[in-house]
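Below is one structure, written out as structure tokens, with a few remarks after it.
The values are calculated or read from the model by the stated rules, or taken from the named source; none is laboratory data. Just so it is clear, the structure is predicted and the values come from calculations on it, not from any experiment. Cβ atoms come from the backbone with ideal geometry, glycine included; neighbour counts cover every protein chain shown. When the accessible area is computed, the model is the full protein with side chains, heavy atoms only, and any ligands, DNA or RNA have been set aside. Shrake-Rupley method; radii C 1.70, N 1.55, O 1.52, S 1.80 Å.
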Amino acid sequence: MSLNTFGHLFRVTTWGESHGPAIGCTVDGCPPGIKLSEADLQPWLDRRKPGTSKFTTQRQEADQVRILSGVFEGVTTGTPIQLMIENTDQRSKDYSNIAQAFRPGHADITYHQKYGVRDYRGGGRSSARETASRVAAGGVARAVLASLAPELVIRGYMVQMGVHGIDRARFDAAVIEGNPFWCPDAAAVPVWAEYLDGLRLAHNSVGAVIEVVASGVPAGLGAPLYGKLDSDLASAMMSINAVKGVEIGDGFATASLTGVENADEIRMGARGPEFLSNHAGGILGGISSGQPVVVRFAVKPTSSILTPRATIDGTGAEIDLVTKGRHDPCVGIRAVPVGEAMMACVLADHILLDRGQTGAVRGQIG
């Protein structure tokens with residue numbers, strides 16, 4: 001019962017700790033004949049890696065991925081794909097002061113309560129460092145999607161940092177990659193920069209909301225009742241470090257709508273059914289409708305901060321703790337490529353599941 005694996009047919013098992021010699025993953029169930037190389041995976045890892053701006057941890061990791069198995073002469077063989085990323089810039093001494101203490105808001109205390117032992121160096125297995133493995137696996141999933149669903153595009157971005165949200169009237173996908181926050185609202189970027197700079201200098205941190213949208217998703221992915229596409233997406237996003245809430249489509253906002261407002265009306269178009277809105281986020285009854293799949297998740301503030309916080313040590317003694325080390329003032333920034341990777345893995349998994357169950361045969365309309 002290791003529970004380090006997710007997925008059904010496209011299965012990913014991650015391994016390694018923040019300050020161990022390496023981290024990585026095993027991807028099993030990837031179809032054979034998919035073009036894949038380390039050069040295909042590296043750009044996705046480069047988007048997530050630390051030290052890319054003053055607004056992320058200054059830990060310097062190249063995050064160079066190596067393919068150890070499952071690829072021969074540039075294509076996948078259908079056997080397990082082993083991916084490895086070496087850790088090269090650990091500073092374990094930064095964590096000596098928490099070896100016998102529990103950081104408030106962190107998994108230190110629950111890992112100790114469950115296992116009776118924990119790797120305190122950077123949080124060990126509970127560190128967000130683990131998410132680099134997911135991004136590598138997401139790169140494999142994107143290669144699968146490019147082959148099996150070439151029209152499918154996944155895009156993630158930040159829609160809120162702390163109390164500051166974007167103005168959707170100014171949404172511009174072209175600016176997402178050009179700022180350190182993956183923000184689609186150019187006018188919000190300097191506001192967020194000043195806000196986060198102030199928090200960083202004050203030894204504080206802040207949460208964020210990330211939105212991930214997959215367009216070009218074929219209709220028919222997912223299954224009732226316990227194989228719902230939205231259930232697996234929610235589970236995947238919720239498994240990301242520091243995520244405390246997930247919603248599909250309009251999510252919790254639908255509670256304030258009436259049935260008239262919430263219903264995604266349908267008309268017949270030249271290429272089939274056309275929906276007039278997308279409150280459901282592209283999923284109805286757990287099955288994709290062909291509309292864009294929209295997932296949003298909330299990331300809590302980074303728990304490791306330099307401001308003293310009340311806690312206890314392993315003896316139960318009450319202390320005030322300052323967490324040293326190099327940490328993200330807003331971990332949500334680097335959660336964007338992680339959310340994209342999890343979306344890719346889930347969609348690749350469900351495409352393979354659908355091919356196995358239905359052969360991708362669809363009910364005809366019109």
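Of note:
- Counting residues in the range 273-286 that are touching a Phe, Trp or Tyr at 6+ places or on another chain (Cβ under 6 Å), more than 30 Å from Ile98 (Cα to Cα) and not charged (D, E, K, R) gives zero.
- Top-ranked residue in the range 23-61 [being assigned to a loop (DSSP other than H, G, I, E, B) and modelled with pLDDT of 95 or more; ranked as most open to solvent (accessible area, probe 1.4 Å)]: Pro32
- Qualifying residue in the range 153-172 (condition: buried (at least 18 other Cβ atoms within 10 Å of the Cβ), in a loop (DSSP other than H, G, I, E, B) and among the hydroxyl-bearing types (Ser, Thr, Tyr)): no
- Conditions (1) buried (at least 24 other Cβ atoms within 10 Å of the Cβ); (2) at pLDDT 95 or above: number failed by Val331: (2)
- Members of the range 263-313 that are at pLDDT 95 or above, in contact with an Asp or Glu (Cβ under 9 Å, 6 or more places away or on another chain) and of a type in the set (Lys, Arg): Arg267, Arg296
- Count of the range 243-275 residues, restricted to those that are in contact with a Leu (Cβ under 9 Å, 6 or more places away or on another chain) and touching a residue at least 40 places away in the same chain (Cβ under 8 Å), is 2.
- Residue check: Ala137 meets all listed conditions (1) over 23 Å from Gly24 (Cβ atoms); (2) modelled with pLDDT of 95 or more; (3) not charged (D, E, K, R) but one, namely (1).
- Residue match in the range 154-166 (condition: over 22 Å from the mean Cα position of the chain (by Cα), farther than 15 Å from Glu340 by Cβ and modelled with pLDDT of 95 or more): no
- Test: Gly249 is open to solvent by less than 20 Å² (accessible area, probe 1.4 Å), over 26 Å from Tyr111 (Cα atoms) and modelled with pLDDT under 95: no
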